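Structure first, then comments.
The values are calculated or read from the model by the stated rules, or taken from the named source; none is laboratory data. Source: prediction; values computed, not measured. So basically every Cβ, Gly included, is an ideal-geometry build from the backbone, and we count neighbours across all protein chains shown. In case anyone asks, the SASA skips ligands and DNA or RNA and just uses the protein heavy atoms, side chains included. Shrake-Rupley method; radii C 1.70, N 1.55, O 1.52, S 1.80 Å.
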Amino acid sequence: MAKSIKYRAPRGTHDRLPDEMSLWYHLEGVVREQMRLYNYSEIATPTFEGTELFSRSIGEETEIVEKQMYTFFDKAGRSLTLRPEGTPPVVRSYIEHSLGRRQPLQKFFYIGPMYRQEAPQAGRLRQFHQFGAEAIGAIDPAMDVEMISLLLSICRRLGLKAIALHLGSVGCPRCRPLHREKLLAFLGGSYSLLCPDCQKRYHRNPLRILDCKRERCRELTEDAPSVIDFLCEDCALHFEGVKHHLQQLEIAYTLDRRLVRGLDYYTRTAFEVISANLGAQNAIGGGGRYDELIKELGGDPTPAVGFAAGMERILLAMEKEGCQIAQPPTIGVYVAPVGDRARAFALSLLKDLRQAGISCDGDYLKRSLKAQMRMADRMGASYTVILGEEEMDRNRVLVRGMRESKQEEVGLDRLVGYLIEKLGVRRQGQTV
Ligand SMILES: [Zn+2]
Ligand SMILES: [Zn+2]
């Protein structure tokens, strides 16, 4: 009977066990491949930043900043926060290293863990993973459409079919005041029915009420006026441009009149990619334009657009759709020694095989030959080298082809060369 478990992973975290990692390698591989095709360069920022970077950019009245940030004080009394999302750190880095001076348009991507203290009943993770892309420097609606096309390409390449693009516009600081006025008038009569958070938002940032997760608030805002009806001339023109280019690329979309996203920094274009298979938490990714954020964080005014996608949700959608994924990794050779002399020889042989670029493994538990053969099978070895005492005396070994279930005697002096040839290892360092 196992002892009772003393330490468990913190609530809302998940161990990615070896069996699961091949899915992650596959997903990350597709992301990196597509990012390369679209010419985005990887950037990696710290997992924590000064708290103000997030509260200032994401917005004080948002769910994330109000309720979900992991904020702590370090020993010097600085307020730090585990990153709840990827865009503010990338923008901070862009400004800090004056990356805009090198090239007028910079295209970045990132992959990594994010942290939000979500309500446990929602079944969401508190450490989750996202990949995202940011294009900083272009105002052209074609840039927005490249961003959307990139996210959809990744989804398609992963085999996801039951997905839909939702598109909206959240306007800019010039066109929002009129919408704000109409929204306040619309909500005024039902003010007392709004949740306490939304009553606060009513005075400080009413647009955020459209983003409230509570049933009552959602019902009350069902027919609320949309920013789309109040866009200024420039924003309307930009939105038309985005729709035009989407048509040009034959990308279908649903116009979403109340798409506001959970972040304050968005301007103009906002979009989400929705999976039909994920129930209530159905967005697998989304993004939009953030033309004011770089100036807001102290940089030169620079237009930008980006997206982020949830990797756990994508894997779940792939599972629901039965998407084909890469097989778990296997090894080239399993070395099965019998007896002490053979075991000592096995250690050198494994080293020689690895130096020749052949992935291999052996026995360190003094198991029987039968148990070792089962092990070789489980590891998916292409060949098993059996080091039997009688054969070793004659400087020979048995090599068993596991797929064809045939074995052959091979001299020790040509064993490594024989396996290299069988496995088709073309040059040193290339693993099989
Ligand atoms: Zn505008
Ligand atoms: Zn509310």
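Looking at the stretch 218-234, which of its residues are away from ligand 2 (no atom under 16 Å from the Cβ) and in a helix (DSSP H, G or I)?
Those that are away from ligand 2 (no atom under 16 Å from the Cβ) and in a helix (DSSP H, G or I): Val227, Ile228, Asp229, Phe230, Glu233, Asp234.
Have a look at Ile325, Ile314 and point out the one that is of a type outside the set (Gly, Ala, Ser) and under 26 Å from Ser41 (Cβ atoms).
Ile314
Within the stretch 204-217, restricting attention to residues that are without any contact (Cβ under 8 Å) to a residue 40 or more places away in the chain and of a type in the set (Lys, Arg), which residue is nearest to ligand 2 (Cβ to nearest atom)?
Arg214
Can you give me the ranges of the strands (runs of 3 or more DSSP E) entirely in the stretch 44-121 with at least 2 residues that are farther than 23 Å from Cys212 by Cα, over 20 Å from the mean Cα position of the chain (by Cα) and in the same structural domain as Thr267 (by TED's automatic domain parsing)?
Correct list: 71-73, 79-82.
Taking the stretch 122-176 as the search range and keeping residues that are of a type in the set (Gly, Ala, Ser), closer than 29 Å to Leu99 by Cβ and part of a helix (DSSP H, G or I), which one is nearest to the chain's Cα centre (by Cα)?
Per the stated criteria, the residue is Ser153.
So which residues in the stretch 178-203 are more than 13 Å from ligand 2 (Cβ to nearest atom), open to solvent by 70 Å² or more (accessible area, probe 1.4 Å) and of a type outside the set (A, V, I, L, M)? Let's see the steps before the verdict.
Here is the first cut: in the stretch 178-203, the ones more than 13 Å from ligand 2 (Cβ to nearest atom) are 178-186, 188-189, 203.
So of that shortlist, the ones also open to solvent by 70 Å² or more (accessible area, probe 1.4 Å) come out as 178, 180-182, 185-186, 189, 203.
Across the stretch 178-203, the qualifying residues are Arg180, Glu181, Lys182, Phe186, Gly189, His203.
Only one of (1) among the hydrophobic types (A, V, I, L, M, F, W, C); (2) open to solvent by less than 30 Å² (accessible area, probe 1.4 Å); (3) within 16 Å of ligand 1 (Cβ to nearest atom); (4) modelled with pLDDT of 95 or more is not met by Ile139, so which one is it?
Every listed condition holds for Ile139 apart from (2).
Report yes if Thr302 is in a loop (DSSP other than H, G, I, E, B), more than 30 Å from Met379 (Cα to Cα) and in contact (Cβ under 8 Å) with a residue 40 or more places away in the chain, otherwise no. Reasoning before the result, please.
Numbers: in a loop (DSSP other than H, G, I, E, B): yes; more than 30 Å from Met379 (Cα to Cα): yes; in contact (Cβ under 8 Å) with a residue 40 or more places away in the chain: yes.
Criteria met by Thr302.
Kindly indicate whether any position in the stretch 223-232 is among the polar types (S, T, N, Q) and more than 16 Å from ligand 1 (Cβ to nearest atom).
Filtering the stretch 223-232 down to residues among the polar types (S, T, N, Q) leaves 226.
Applying the additional criterion that residues be more than 16 Å from ligand 1 (Cβ to nearest atom) yields none.
No, every residue in the stretch 223-232 fails to be among the polar types (S, T, N, Q) and more than 16 Å from ligand 1 (Cβ to nearest atom).
Select from the stretch 372-395 the residues that are surrounded by fewer than 13 Cβ atoms within 10 Å (Cβ to Cβ) and over 19 Å from Gln327 (Cα atoms) and list them in ascending order.
Within the stretch 372-395, the subset surrounded by fewer than 13 Cβ atoms within 10 Å (Cβ to Cβ) is 374, 377-378, 389-390, 393-395.
Those that are surrounded by fewer than 13 Cβ atoms within 10 Å (Cβ to Cβ) and over 19 Å from Gln327 (Cα atoms): Arg374, Glu389, Glu390, Asp393, Arg394, Asn395.
Kindly indicate whether any position in the stretch 349-359 is over 30 Å from Cys155 (Cβ atoms), surrounded by fewer than 12 Cβ atoms within 10 Å (Cβ to Cβ) and touching a Lys or Arg at 6+ places or on another chain (Cβ under 6 Å).
Pass one, the stretch 349-359, residues over 30 Å from Cys155 (Cβ atoms): 349-359.
Keeping just the survivors that are surrounded by fewer than 12 Cβ atoms within 10 Å (Cβ to Cβ) gives 351, 355.
Still in the list and also touching a Lys or Arg at 6+ places or on another chain (Cβ under 6 Å): none.
No, because not a single residue in the stretch 349-359 is over 30 Å from Cys155 (Cβ atoms), surrounded by fewer than 12 Cβ atoms within 10 Å (Cβ to Cβ) and touching a Lys or Arg at 6+ places or on another chain (Cβ under 6 Å).
Which is touching a residue at least 24 places away in the same chain (Cβ under 8 Å), crowded, with 20+ Cβ neighbours inside 10 Å and not assigned by TED's automatic domain parsing to the domain that holds Gly132, of Pro328, Pro337? Show your work before the answer.
Working: Pro328 fails: crowded, with 20+ Cβ neighbours inside 10 Å.
Answer to the check: Pro337.
Filter the stretch 117-136 down to residues that are open to solvent by less than 40 Å² (accessible area, probe 1.4 Å) and of a type outside the set (A, V, I, L, M, F, W, C) and give me whichever is farthest from Val31 (Cα to Cα).
My answer is Glu118.
Which condition number in (1) in the same structural domain as Ser57 (by TED's automatic domain parsing); (2) out of contact with any Pro (no Cβ under 8 Å at 6 or more places or on another chain); (3) surrounded by 15 or more Cβ atoms within 10 Å (Cβ to Cβ); (4) of a type in the set (A, V, I, L, M, F, W, C) is the one that Ala224 fails?
Going through (1) in the same structural domain as Ser57 (by TED's automatic domain parsing); (2) out of contact with any Pro (no Cβ under 8 Å at 6 or more places or on another chain); (3) surrounded by 15 or more Cβ atoms within 10 Å (Cβ to Cβ); (4) of a type in the set (A, V, I, L, M, F, W, C) one by one, Ala224 breaks only (1).
Sort out which residues of the stretch 268-287 are touching a residue at least 12 places away in the same chain (Cβ under 8 Å) and out of contact with any helix residue (DSSP H, G or I) (no Cβ under 8 Å at 6 or more places or on another chain), and write them in order of number.
So in the stretch 268-287, the residues touching a residue at least 12 places away in the same chain (Cβ under 8 Å) come out as 268-278, 281, 283-287.
Once the filter is applied, which keeps residues that are touching a residue at least 12 places away in the same chain (Cβ under 8 Å) and out of contact with any helix residue (DSSP H, G or I) (no Cβ under 8 Å at 6 or more places or on another chain), the stretch 268-287 yields Ala270, Glu272, Ile274, Ala276, Gly286.
Got a sec? Which of Leu237, Leu207 is within 16 Å of ligand 1 (Cβ to nearest atom), buried (at least 16 other Cβ atoms within 10 Å of the Cβ) and either among the small types (Gly, Ala, Ser) or not in a loop (DSSP other than H, G, I, E, B) (or both)?
Every option except Leu207 fails the conditions.
For Thr254, work out the one condition from (1) touching a strand residue (DSSP E or B) at 6+ places or on another chain (Cβ under 6 Å); (2) among the hydroxyl-bearing types (Ser, Thr, Tyr); (3) within 16 Å of ligand 2 (Cβ to nearest atom) it doesn't fulfil.
Exception for Thr254: condition (3).
Of the conditions (1) within 30 Å of Cys212 (Cα to Cα); (2) aliphatic (A, V, I, L, M); (3) crowded, with 18+ Cβ neighbours inside 10 Å, Met35 fails just one. Which one is it?
Every listed condition holds for Met35 apart from (1).
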